[in-house]
Amino acid sequence: MSEKATLEINGEKYEFPIVKGTENEVAIDIKTLRSATGGVITIDPGYKNTGSCESAITFLDGEKGILRYRGYSIEELADKADFLEVAYLLIFGELPSQEELDKFHSDIKENSVVDDDVKKILDAFPKSAHPMGVLSSLTAALTAFNPSSVDVESEEDMYNSIVRIMGKFPVLVSWAMRKKHGLPLEYGDDNLGYVENVLRMMFKNPNREYEQNPILIDALDKLLILHADHEQNCSTSTVRITGSSHAGLFVSLASGISALWGPLHGGANQAVLEMLEAIKEDGGDTKKYMAKAKDKEDPFRLMGFGHRVYKNFDPRARIIKKAADEVLGDLGVEDPILDIAKGLEKEALEDQYFVDRKLYPNVDFYSGIIYRAMGIPVEMFTVMFALGRLPGWIAQWREMRLRKEPIGRPRQLYIGENYRPFSPIEKR
Ligand code: CMC
C-alpha cells in the first residue's frame with residue numbers, strides 16, 4: 001500500500017501521497033493541496049523545504065557529504081574523467097563511448113564561431129564592466145544571431161542549440177576577459193581539446209604562440225568538473241524557471257549567469273579572494289575576521305563558508321583543497337593567502353559558532369587560490385564557475401523541457417493593504 005501523509009486544518013483531514021526518490025529521499029506530494037483545501041498553500045521562503053521538480057541528473061546528500069552526477073561519484077569523475085565527458089554525461093545521461101564523444105566534440109567545434117557583429121556589442125561596454133555582466137549580456141545576445149535556437153521542440157532542435165552554446169560560450173568567456181585587459185579577441189583552434197582551447201583563447205599573447213601547460217589543463221579540467229552541476233541551486237532553478245516559459249536556451253542561460261553572479265552564490269569565489277587579500281593587508285589577523293563573522297551587528301560573513309545543503313562537509317571543497325596544494329606546488333607558486341585560508345579554516349572548524357551552525361568551507365573557499373595561481377584574474381573567477389556550470393544548466397533545461405514541466409509560477413501570501421478607494425491627488 002502506498003504511504004500517505006495526513007494534514008489536519010481546522011479539524012478537517014486531508015491525505016497526500018508520499019513519494020520516494022531512488023535514494024529513498026521522501027517527499028509529500030502536495031499537487032492537489034489548493035484544490036482539495038479550497039485555497040490553502042504552503043509558504044517556504046528560500047525554498048528550504050520545497051522540491052521544485054523530480055530530476056535524474058545530480059544526487060547530493062548534505063549530511064553525508066555525497067555528490068554524484070548521474071550516479072557517478074564526484075571524487076571518481078574529478079580523478080578519472082575529462083570535462084567534456086562529464087558534460088556529455090550530465091546532458092545525455094550516460095558516459096559517452098569514444099565515438100559518441102568524438103561526434104559531440106566535432107559538432108561543438110563546428111559551432112564555435114561567434115558572429116563577428118557580437119564584437120560590436122562587446123565594444124560598447126566600458127573596460128570597467130564586470131565580465132559576468134558582459135557574459136550574461138552576450139549570451140542573451142546570441143539569440144539574435146541564432147534565432148532558430150528559440151523554438152525547440154524536437155530532441156534534434158535541442159541538440160543543435162546545445163552544441164552551439166557549448167561551442168560559442170568559451171569564446172565569449174575569453175572575449176569578456178580579453179576586452180578588460182585590452183587584448184585582441186581570439187578564436188579557438190580546432191586541433192585542441194575543449195579545455196586546452198579555453199586556455200589558449202584566454203591567454204594567447206598576440207605576438208607569440210601559446211604554449212600549453214599540462215598542469216593548467218589538468219587543474220582547469222578538475223575545477224570545471226567540480227562545478228559542472230549541483231542540482232536545484234539558485235542559478236539552476238533560475239535557468240529552469242526561465243526556460244519553463246519556453247524562452248530559448250540562450251536567454252535561460254543568461255538569466256542563470258546573472259543569478260550566479262551574486263556573492264552568496266558563484267560570486268563567492270571572487271569575494272573569498274578579496275576577503276583573504278584584505279586579511280593579509282590588515283596584518284593577517286584572522287581572529288579579528290572570525291569575530292566580525294560571528295558579530296550579528298556586523299554584516300561581514302566568512303565568504304566560502306557555509307552551504308544551504310551541506311551540513312557536514314562539501315566534498316568538492318576537500319578535492320579542491322588537495323588540488324590547491326598540488327597545483328601551487330607543481331607551478332612553484334608560493335601564495336601567502338593559502339596559509340591564511342588554511343589558518344582561517346582551522347580556526348573556524350574549532351570554533352563553537354561555526355560548529356553549532358555546521359559551517360564548513362564550501363567549493364569556493366579554495367578555488368580562487370588555484371585560479372590565481374593559474375594566472376586567471378580575480379574578476380574572472382565567477383566566469384570560470386559559469387563555464388563549469390554550463391553543462392549542468394543545459395542538462396537541467398533539457399530535462400525540464402523533455403519532461404514537459406509546467407511553467408514555474410510560485411504562489412504568495414499577500415500581506416499588503418486591504419481594498420481602499422482611490423484618493424484624488426489633491427486630497428492626498
Ligand atoms: N559566515 C558567518 N555566519 C554564517 C555564514 C558565514 N559564511 N554562513 C551562515 N552563517 C550563519 C548565519 O548568520 C545564520 O546564523 P543564525 O542562525 O545565528 O542566524 C546561520 O549560519 C545559518 O545561515 P543561513 O544564512 O540561514 O543559511 P543559508 O542556508 O540560508 O545560506 C549560504 C547558505 C551559502 C548563503 C551562507 O552560508 C553564506 O552566505 N555563505 C557565505 C557565501 C558563500 O560562501 N557562498 C557560496 C556557497 S557554495 C557555492 C555556490 O552555491 O555557489
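Run the numbers on the range 91-170 and let me know its relative contact order in percent, using alpha-carbon pairs under 8 Å that are six or more apart.
47 percent
At 0.36 nm per residue, minus the direct Cα-Cα distance, what do Arg428 and Asn24 gain on full extension? Give it in nm, one decimal, please. Don't jump to the answer; show the numbers that get you there.
Working: separation 404, 0.36 × 404 = 145.44 nm, distance 5.93 nm.
This chain segment gains 139.5 nm when fully extended.
For Ser258, Ser174, what ranking results if the residue with the fewest other Cβ atoms within 10 Å of its Cβ goes first?
Lowest count first: Ser258, Ser174.
Under 11 Å from the 7 Å Cα→Cβ point of Val378, by amide nitrogen: which residues of the range 290-328?
none
Go from 0 up to the bin containing the longest alpha carbon distance in the range 178-277, width 5 Å each, and give me the % of pairs per bin.
The calculated distribution, bin by bin, is 2, 11, 14, 15, 19, 19, 13, 5, 1, 0.
Please report, largest first and rounded to whole Å, the three semi-axes of the ellipsoid equivalent to the range 311-428, where each semi-axis is the square root of five times an eigenvalue of the C-alpha gyration tensor.
Gyration-tensor ellipsoid for the range 311-428: 44, 24, 18 Å.
Give me the extension gain from Tyr353 to Arg34: residue separation times 0.36 nm, minus the current Cα-Cα distance, reported in nm with one decimal. Could you put the intermediate results ahead of the total?
Numbers: separation 319, 0.36 × 319 = 114.84 nm, distance 4.03 nm.
The span from Tyr353 to Arg34 would gain 110.8 nm if fully extended.
What does the net charge come to around Ile9 if you take all other residues with beta carbon closer than 15 Å to its beta carbon, with K and R at +1 and D and E at -1?
-1
Quick one: length gained pulling Lys48 to Glu3 fully straight, 0.36 nm per residue minus the C-alpha distance?
Here the segment from Lys48 to Glu3 would lengthen by 13.9 nm.
Mind running the shape call on the range 251-313? Use the C-alpha gyration tensor, a ≥ b ≥ c as the square roots of the eigenvalues: rounded below 1.5 for a/c, prolate if a/b tops b/c, oblate otherwise. Kindly include the intermediate steps, with their values, before the conclusion.
Working: a/c = 2.51, a/b = 1.75, b/c = 1.43.
Prolate, since a/c reaches 1.5 and a/b exceeds b/c.
As a footprinting exposure proxy, order Phe305, Phe16, Phe365 by other Cβ within 10 Å, with the fewest listed first. Walk me through the numbers on the way to the answer.
On the way: Phe305 23, Phe16 17, Phe365 27.
Lowest to highest Cβ neighbour count: Phe16, Phe305, Phe365.
In percent, what relative contact order does the chain have, based on Cα pairs under 8 Å that are 6 or more apart in sequence? Can you show the working numbers first?
On the way: 558 pairs, mean separation 83.2, N = 428.
Worked out over the chain, it gives 19 percent.
Taking 7 Å along the Cα-to-C-beta vector as the label spot, tell me the Glu110-Glu153 distance in nanometres, rounded to one decimal.
2.2 nm
Let me have the 222 nm mean residue ellipticity of the chain computed from DSSP H runs of 4+ only, each contributing -39500 (n - 2.57), with the sum over all residues rounded to the nearest 500.
Dividing the helical sum by the residues of the chain leaves -16000 deg cm²/dmol.
Per residue and in Å³, how big is the convex hull formed by the alpha-carbon atoms of the chain?
221 Å³
State which entries of Lys127/Lys296; Lys80/Lys179; Lys180/Lys296; Lys20/Lys168; Lys48/Lys321 exceed 31 angstrom in Cα-Cα distance in the structure shown.
The pairs that break the limit, which is 31 Å between Cα atoms, are Lys127/Lys296; Lys80/Lys179; Lys180/Lys296; Lys20/Lys168.
Classify the range 63-131 as rounded, prolate or oblate from the Cα gyration tensor: take a ≥ b ≥ c as the square roots of its eigenvalues, call it rounded if a/c is under 1.5, otherwise prolate when a/b beats b/c and oblate if not.
Working: a/c = 3.92, a/b = 1.62, b/c = 2.42.
Judged from the Cα gyration tensor, the range 63-131 comes out oblate (a/c at least 1.5, b/c at or above a/b).
Does the range 348-387 come out rounded, prolate or oblate by the C-alpha gyration tensor, with a ≥ b ≥ c the root eigenvalues, rounded set by a/c under 1.5 and, if not, prolate when a/b is larger than b/c and oblate if not? Present the calculation step by step, with values, prior to reporting the outcome.
Details: a/c = 4.46, a/b = 2.63, b/c = 1.69.
Taking the square roots of the gyration eigenvalues as a ≥ b ≥ c, the range 348-387 is prolate.
Starting from the Cα gyration tensor of the range 191-250, multiply each eigenvalue by 5, take the square root, and state the resulting semi-axes largest first in whole Å.
Result for the range 191-250: semi-axes of 33, 15, 8 Å.
Taking Cα centroids, how far is the range 264-284 from the range 136-199 in Å?
So the two Cα centres are separated by 30 Å.
So what are the ³J(HN,Hα) numbers for the range 197-211, from phi and the Karplus equation (6.51, -1.76, 1.60; θ = phi - 60°), rounded to whole Hz, Gly and Pro as x?
Calculated HN-Hα couplings, in order: 5, 4, 4, 5, 4, 6, 10, 4, 7, x, 9, 7, 5, 8, 9 Hz.
How large is the Kirkwood hydrodynamic radius of the range 1-119, in angstrom, based on all distinct alpha carbon pairs? Write down the numbers at each step before the final one.
Working: mean 1/r = 0.0538 Å⁻¹.
After inverting the mean inverse Cα-Cα distance, the result is 18.6 Å.
Counting other beta carbons within 10 Å of each Cβ, put Lys13, Lys342, Lys204 in order, fewest first.
Lowest count first: Lys13, Lys342, Lys204.
Read-outs throughout are calculated quantities, based only on the coordinates presented, and are distinct from any laboratory measurement. Given the structure is predicted, the values throughout are model-derived calculations rather than measurements. Note that we place each Cβ from the backbone using ideal geometry, even for glycine, and neighbour counts take in every protein chain shown.
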